[in-house]
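Single-structure report; data block below.
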Amino acid sequence: MGNNSFIKISNYIQKEIGERVAGSREEKLAASYLKSIFEKFSDEVKLEPFTCIPRSYQYEINFFSIMYCISLLGYIIYPIISIFSILFVFIYIFLSQFYGLRLLHTILPKSKSQNLVTKIKALKEKKQTIIFSAHIDSPYVVEIFEGKLREYAFELKKILYENVSVKINY
């Protein structure tokens with residue numbers, strides 16, 4: 001598999017499968033597609049399932065935006081409301097950053113996703129272990145990448161792949 005193959009695989013996933021929210025049908029299709037490719041030249045390929053919350057950070061951004069609006073309106077109507085809503089946001093941020101408690105995650109819908117794990121055994125003596133990792137899902141779709149900027153992103157990706165020194169042949 002040469003460097004151009006990586007670009008073709010990536011382009012296929014982006015153009016044919018499309019947006020891949022974690023746990024979605026499209027993400028499962030992308031994982032199956034990549035698994036079928038890696039099975040051609042890998043010694044072991046498996047999917048490791050895990051539970052996730054699709055778009056969890058997007059929910060938090062929405063939550064903080066709503067709290068900002070409540071604080072702003074509260075300040076106009078009754079200033080004590082804004083103090084309590086700002087305090088609530090600071091407590092939420094404190095708990096999530098220092099204790100890993102994401103309170104919104106207790107009420108958000110959960111979904112099943114997977115990691116693709118592949119192992120290629122060394123042909124000679126093993127001197128190093130190389131780990132490649134990437135996201136199969138695409139958590140955010142930004143409209144700005146439609147059109148000209150998307151073309152620039154593909155060109156940048158092509159330049160990066162052409163300069164990668166690891167080549168896999170199958």
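The values are calculated or read from the model by the stated rules, or taken from the named source; none is laboratory data. All figures in this text were calculated on a predicted structure; none of them were measured in a lab. Each accessible area value is taken on the protein alone, full model and side chains, heavy atoms only, with ligands, DNA and RNA left out. Shrake-Rupley method; radii C 1.70, N 1.55, O 1.52, S 1.80 Å.
How large is the accessible surface per residue of the stretch 1-65, computed with a 1.4 Å probe and reported in Å² as a whole number?
56 Å²
When only alpha-carbon atoms count, how far does the stretch 12-53 stretch along each of its three principal axes, as whole angstroms with the largest first?
31, 26, 10
Give me the percent of the accessible area of the stretch 27-142 that comes from carbon and sulfur atoms, probe 1.4 Å, all protein chains in place.
C and S fraction of accessible area: 66 percent.
Please list, ordered by chain and number, the residues whose modelled amide H lies under 5 Å from the amide H of ALA22; skip anything fewer than 5 residues away on the same chain.
ARG55, SER138
Could you give me the ³J(HN,Hα) list for the stretch 73-81, computed from phi with Karplus coefficients 6.51, -1.76, 1.60 and θ = phi - 60°, whole Hz, x at Gly and Pro?
5, x, 5, 6, 7, 8, x, 5, 4
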